[in-house]
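What follows is a set of notes on a single structure, which appears directly below.
The values are calculated or read from the model by the stated rules, or taken from the named source; none is laboratory data. The structure displayed is predicted, hence computed values, not measured ones. So basically every Cβ, Gly included, is an ideal-geometry build from the backbone, and we count neighbours across all protein chains shown.
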Amino acid sequence: MHVPDHVLSDPVSVTTGLVAGAAVVGSAVRARRRADAAPHPAMIAATTATVFGLQMLNYRVAAGTSGHLIGGALAAALLGPAWGLLSMTVVLTVQALLFADGGLTALGTNVTLMAVVGVLVGWAGPSRTPRARRRRARASRGVRRPRGVRP
């Protein structure tokens, strides 16, 4: 659920806007530095469109309130944290400008809550499992096992 316009005070909106802006700039810089490992542009576009479509499906939560899927974990899993955050920011910006989901004064809050937190939690959770650690350790040694072969 998006935070609507004028629900939060102006100082809170400005602060979360600055946090969101710093996170987006940091992600853009990271994505630019690692351009050789960037996902294919078609993958970025398809993921962004899928997340956008899934977020447009609303369901009732209570009287006058609805919820929807966030998509940050999906974007992080498919694109990585930097590109996932940029993808989610595009989705939330389009929703704020064209569909009035949240609005411009709450865009920083919505980017912080749904893009930054959603992507980082979605990325950090699975990447911290023991299986992921073993996979990273093998990759750093240059050893790669065929799929389906257990250690």
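Quick notes on this structure:
- All of 57, 104, 97, 78 fail the test of being of a type in the set (A, V, I, L, M), under 23 Å from residue 126 (Cβ atoms) and out of contact with any Pro (no Cβ under 7 Å at 6 or more places or on another chain), apart from 78.
- Residue within region 41-62 that is in contact with a Phe, Trp or Tyr (Cβ under 7 Å, 6 or more places away or on another chain), buried (at least 17 other Cβ atoms within 10 Å of the Cβ) and modelled with pLDDT of 90 or more present: yes
- Contact map, region 1-17: residues that are buried (at least 17 other Cβ atoms within 10 Å of the Cβ) paired with residues that are of a type in the set (A, V, I, L, M, F, W, C) and at pLDDT below 90, Cβ distance under 6 Å, separation 6+ or inter-chain. Pairs shown: 3/106.
- If the condition is being among the aliphatic types (A, V, I, L, M), buried (at least 22 other Cβ atoms within 10 Å of the Cβ) and touching a Leu at 6+ places or on another chain (Cβ under 9 Å), then region 87-125 contributes 92, 106, 107, 111, 114, 115, 116, 119.
- Matching residues in region 44-58 - criterion: being free of Cβ contacts under 8 Å to residues at least 24 places away in the same chain and outside any loop (DSSP other than H, G, I, E, B): 45, 46, 49, 53, 54, 58
- In region 54-77, the residues that are more than 8 Å from the chain's Cα centre (by Cα) and closer than 20 Å to residue 112 by Cα: 54, 55, 56, 66, 67, 68, 69, 70, 77
- Within region 27-43, the residues that satisfy the criterion of being closer than 16 Å to residue 75 by Cβ and either in a helix (DSSP H, G or I) or basic (Lys, Arg) (or both) are 27, 28, 30, 31, 41, 42, 43.
- Filtering region 67-77 to residues that are without any contact (Cβ under 8 Å) to a residue 60 or more places away in the chain and either surrounded by fewer than 18 Cβ atoms within 10 Å (Cβ to Cβ) or farther than 21 Å from residue 37 by Cα (or both) leaves 69, 70, 71, 77.
- Filter result for the condition that a residue is in a strand (DSSP E or B) and of a type in the set (A, V, I, L, M, F, W, C), over 19, 61: 61
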